[in-house]
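For reference, the structure is listed below as structure tokens.
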Amino acid sequence: MPLLLVLLILLAATLLLCKWRGNHWRRLGLEAPFGWPLVGNMLHFALARRSYGEVYQQIYTQHPNLKYVGFYRLFNEPAILLRDQELLRQILVGSDFASCADNAVHVDHQRDVLASHNPFLANGDRWRRLRADLLPLFTPSRMRQTLPHVAQACQLLRQQVPHGRFEAKDLATRYTLQVVASAIFGLDAHCLGSHSRVAPPSRWLEWLAPLFQPSAWSLLETMSLLHSPRLARLIGHRYVPLSLQRWFRELVAARSGGDNLLQWLAESKRGLEEEQLAGHATTLLLEGYETSAMLLAFVLYELALNEAAQQRLHSELDAVAQRHAGQLLNQVALAELRYGEAALLEALRLHPAMQALQKRCTKSFTLPAQKSGANSELHVAVGTVLVLPVQAIHLDPELYPAPNEFRPDRFLNQPPMGCRFLGFGAGPRMCPGWRLGLLQTKAALATLLQEHRVLLADEEQCRVQVSPLTFLTASRRGIWLRFQRRTTS
Ligand code: HEM
């Protein structure tokens with residue numbers, strides 16, 4: 001009997017605690033949904049039914065009149081989802097940047113030594129130093145010097161245009177791995193090219209291509225990275241697996257000079273130790289191929305769906321090629337492919353690589369009242385996560401009319417898009433590699449479409465579905481396309 005009583009008291013206390021925790025925002029006077037134990041407001045993400053971007057999009061669209069919404073992430077962690085463009089600007093670019101400059105991601109810097117050099121995963125002064133090391137590698141003049149690596153990979157790509165149906169992300173990953181191996185280390189990754197029977201299988205492909213793809217573990221890994229260092233320890237998750245860490249150190253130790261990113265880095269920062277160089281090489285590699293490959297696959301997919309846009313791109317490719325004696329892979333010709341670039345940005349709007357940016361408050365600050373006209377400010381406490389829901393913003397009909405339609409014109413002759421377009425982030429933490437990302441995808445797009453049309457593999461194919469399992473956007477079942485030789489070019 002006393003045992004039963006104790007159990008009842010414990011149960012009642014647990015329920016009260018859950019109720020109290022789930023009403024964190026309401027107690028502070030904020031309009032917010034109730035936060036359920038463990039899953040908060042992210043049940044569908046926890047059950048692998050929806051991607052985290054889709055969950056945030058639902059919260060965003062359900063509160064059209066609020067500047068921000070209090071809600072609960074996984075493990076019932078109170079967080080704030082920002083909706084208002086001015087507030088987004090203030091946090092990414094403006095006066096509140098210093099109060100929430102850190103990304104809300106968890107990596108154990110002792111276990112994940114090379115990943116700890118990645119600015120994306122670093123905080124405070126360390127972030128500033130690491131980023132400053134990398135920035136000089138991405139200036140327009142360095143991009144000009146990187147173009148030969150890209151052009152070489154494009155030549156191989158041209159010889160490898162698949163006959164019959166193919167999976168676009170697979171082809172795109174082969175290409176971007178070929179580019180980054182060459183641009184960073186000056187190495188031939190053998191991801192494209194003569195697949196002769198005697199050639200050894202490419203370790204680049206074998207080890208790196210699956211890294212960001214959905215798998216049985218991906219959801220737990222995504223949860224570890226975004227929500228729980230404890231879970232990461234439990235499942236032994238490493239952002240860079242040990243085998244890769246060993247291999248990257250070997251690659252850096254065996255470098256042999258030449259005109260490549262690693263060499264430029266070693267020359268410009270002479271004080272860098274081998275371990276720091278290996279860390280930077282790891283960042284360049286891991287950040288360099290996956291996001292660009294996904295973008296290339298998605299732009300091909302959107303062009304296959306949108307015949308008029310593809311025709312317009314073909315006209316541009318023909319006109320620019322005519323002005324440059326048939327050659328598109330030089331700096332001037334690529335710069336003239338303005339519709340091509342707009343198509344890439346539009347594909348990135350529809351399919352952002354990161355569906356949300358998530359920042360952590362490191363110095364308390366205040367947000368204005370949640371609704372226009374109301375008068376109570378919100379004091380944001382240190383540790384609170386701020387969610388900037390990129391996918392929701394990109395698909396907001398008030399910001400982009402007919403948001404689900406692929407209309408590259410949106411990005412032609414436009415003033416800067418501010419925080420309406422966050423495909424590369426914005427402000428001091430914006431992607432430093434965006435020029436390389438656009439360069440390699442644009443060069444590949446020009447190479448593939450100069451002589452070919454791209455079509456869906458099957459006319460009946462349904463729209464590509466996004467995997468709910470991964471941190472970087474990936475498709476559930478691949479993106480299946482086919483090429484058809486153009487009759488005129
Ligand atoms: C189409 C290709 C790419 C896309 C869509 C993309 C997107 C992004 C996004 C959304 C962020 C987060 C920005 C933020 O936190 O506000 C980011 C960060 C970053 N990206 Fe990229 N990226 C691309 C290509 C590249 C390339 C080619 C490199 C380098 C080789 C690179 C290196 C980085 C690094 C180092 C960061 C962390 C920056 C920091 O926290 O200061 N990215 N990228």
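The values are calculated or read from the model by the stated rules, or taken from the named source; none is laboratory data. The shown structure was predicted, so the numbers you read here are calculated from the model rather than taken from an experiment. All Cβ positions, even for glycine, are placed from backbone atoms using ideal geometry, and neighbour counts span all protein chains on display. What goes into the accessible areas is simple: the full protein's heavy atoms, side chains included, and nothing from ligands, DNA or RNA. Shrake-Rupley method; radii C 1.70, N 1.55, O 1.52, S 1.80 Å.
Miscellaneous remarks
- The mean sequence distance of close C-alpha pairs (under 8 Å, at least 6 residues apart), as a share of the length of the chain, puts its relative contact order at 23 percent.
- Cα gyration tensor category, rounded, prolate or oblate, for region 405-489 with a/c compared to 1.5: oblate
- Within the straight-line cut-off of under 26 Å between alpha carbons, the lysines reachable from Lys169 are Lys442, sequence neighbours fewer than 8 places apart in one chain being disregarded.
- Pairwise FRET efficiency - Asp125 versus Leu16, Cβ, R0 = 45 Å, nearest 0.05: 0.60
- Under 24 Å of direct C-alpha separation, and excluding same-chain neighbours fewer than eight residues apart, Lys359 reaches these lysines: Lys67, Lys371.
- Net charge dipole size for the chain [Lys, Arg +1 and Asp, Glu -1 on Cβ; Debye, nearest 20]: 560 debye
- Relative packing of 236-244, 383-391, which averages over residues the other C-beta atoms within 10 Å, highest first: 383-391, 236-244
- Note that the chain, at 25 °C in a medium of 0.890 mPa s, gets a Stokes-Einstein diffusion coefficient of 102 µm²/s from its Kirkwood radius over C-alpha pairs.
- Residue (of Pro468, Leu386, Tyr52) at the positive-pole extreme of the chain, dipole from beta-carbon charges: Leu386
- Near-label residues of region 444-467 by backbone N, under 19 Å of a point 7 Å along Cα→Cβ of Arg49: 465-467
- Peptide packing for 68-75, 21-28 was compared via the average number of neighbouring C-beta atoms within 10 Å per residue; ordered from the highest value, the list is 68-75, 21-28.
- Cross-link partners of Lys363 among aspartates and glutamates (Cα-Cα below 20 Å; sequence separation of 8 or more within a chain): Glu77, Glu86, Asp96, Asp102, Asp125, Glu377
- The figure for Ser372 is an accessible area of roughly 100 square angstrom, using a 1.4 Å probe on the protein chains alone.
- Kyte-Doolittle at least 0.5, axis length at least 20 Å by Cα - qualifying DSSP helices, the chain: 2-22, 274-305, 434-450
- Amide H contacts of Tyr68 (H built 1.01 Å from N, in plane; Pro and chain starts excluded): Arg83 sit under 5 Å, all sequence-distant by 5 or more or on other chains.
- Burial order of peptide ranges 101-107, 302-308, 271-277 (average beta-carbon count within 10 Å, highest first): 101-107, 302-308, 271-277
- For region 324-376 versus region 134-173, the gap between their alpha-carbon centres in whole angstrom: 21 Å
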